[in-house]
1. What are the pairs with Cβ atoms under 7 angstrom where one residue, in the stretch 107-131, is at positive phi and the other, located anywhere, is surrounded by fewer than 21 Cβ atoms within 10 Å (Cβ to Cβ)? Sequence gap at least six, or different chains.
2. Only one residue in 342, 296 is at pLDDT 95 or above, within 15 Å of the ligand (Cβ to nearest atom) and either within 22 Å of residue 401 (Cα to Cα) or assigned to a helix (DSSP H, G or I) (or both), so which one is that?
3. So which of 264, 232, 218 ends up being more than 18 Å from residue 146 (Cβ to Cβ) and either within 14 Å of the ligand (Cβ to nearest atom) or touching a residue at least 60 places away in the same chain (Cβ under 8 Å) (or both)?
4. When you go through 30, 8 one by one, which is the residue that is assigned to a helix (DSSP H, G or I), in contact with a helix residue (DSSP H, G or I) (Cβ under 9 Å, 6 or more places away or on another chain) and exposed (fewer than 11 other Cβ atoms within 10 Å of the Cβ)?
5. Can you work out which of the residues in the stretch 239-258 that are more than 16 Å from the ligand (Cβ to nearest atom) and assigned to a loop (DSSP other than H, G, I, E, B) is surrounded by the most Cβ atoms within 10 Å (Cβ to Cβ)?
6. If you scan the stretch 270-286, which residues turn out to be in a helix (DSSP H, G or I) and either within 16 Å of the ligand (Cβ to nearest atom) or crowded, with 19+ Cβ neighbours inside 10 Å (or both)?
7. Which pairs have Cβ atoms under 9 Å, sit 6 or more apart or on different chains, and link a residue in the stretch 245-260 that is touching a residue at least 60 places away in the same chain (Cβ under 8 Å) and within 16 Å of residue 210 (Cβ to Cβ) to one that is near the ligand (Cβ under 9 Å from one of its atoms) and assigned to a loop (DSSP other than H, G, I, E, B)?
Ligand SMILES: [Mn+2]
């Protein structure tokens, strides 16, 4: 294995913290045992958790106004993979990478696949991009891509998605996520029904190109850049389109793509009930698509989402396997630190949801005893499972405190020397 952080340094880091962790773990184990829960079982479950990294997340993103590059940013997809490997080495929770084309289009897919394998990584869903024009592109997406009025622009957008599938196949990916910014900024600009009809026509062509063992995920977003009428604005439209397309089409829920105060966990429950929950883009927000680190603003919402996922997993067993991915944009933090922290926060919600006594909760619901039902969720959410997360990492070969270990290793400072900034570095956007 090609480890980017010296394994001796990780071992030394863990040795210093192991004593305190053992004490915290024993105390938590005792508390959980009094609730009838086995900490060892939960730690083993925690070790199975995995969330994919977005290739674009390891670079500094930016806002609509400006981008302030960070030191030692990855300049190409190979360096992005190296950074992803650091995150997985220390957290042991991020073994897959989700690539974005054309930002991360490899000139040699089999070489990139070999690099990933040597780093202990593999490729998750691939993402297409028809929300911006690329250099040399024949037809603009200024007025839409998969929904464009002009057949030439639509065909070009379809062809790009089919290219993404072909590239993904060469990389070992099993799915394509499609997000389009298509829509209208003014009333009258576009025929609302006609735009969705064109979207479905385009998506049918993409669907036809899917290999048998592939899926396509439709990502909805309430607003931006088409503020008046976004074509795929909500889970209802996404669900209708996924249903129309067929069994290989599912819906993808990005936590930042809803109006404030939307009950996202209920959307999750609905999509799971009807077999259309494909996956997630995890992030957090104060207002909308802020793309903040997961769990930074509303960890209770993240927990409630995982509570619904635990309910669905219990009902449907191993067949229920939505894809998990982080989708964040980092402007004021080190992207590697933010992604390590977010992976841990999503894993935390997963573990907390496993602490919910589902039999007890169902009994309270059955008898309409509301307060204890609410308390059953709050008790699980309030439990500090940090020792379980740290123990899971240590036992899987990761770092007890990933951010501290990463800082001690001085990876960023070394990257700053090895990767001098260059103009037009490969893309890191907000999707
Ligand atoms: Mn997203």
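1. Matching pairs, first to second residue: 120/1; 120/95.
2. Unique residue meeting the criteria: 342.
3. Matching residue, one of 264, 232, 218: 264.
4. On the way: 8 fails: in contact with a helix residue (DSSP H, G or I) (Cβ under 9 Å, 6 or more places away or on another chain).
The unique qualifying residue is 30.
5. By that ranking, first place goes to 248.
6. Step one: filter the stretch 270-286 for residues in a helix (DSSP H, G or I), giving 270-273.
Result: 271, 272.
7. Within 9 Å, the pairs are 252/179.
For (1) part of a loop (DSSP other than H, G, I, E, B); (2) out of contact with any strand residue (DSSP E or B) (no Cβ under 8 Å at 6 or more places or on another chain), each residue gets a yes or a no:
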position: 126; (1), (2): no, no
position: 129; (1), (2): yes, no
position: 140; (1), (2): yes, yes
position: 145; (1), (2): yes, yes
position: 154; (1), (2): no, yes
position: 165; (1), (2): no, no
position: 176; (1), (2): no, no
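The values are calculated or read from the model by the stated rules, or taken from the named source; none is laboratory data. These figures come from a predicted structure and were not determined experimentally. All Cβ positions, glycine included, derive from the backbone under ideal geometry; neighbour counts span all protein chains shown.
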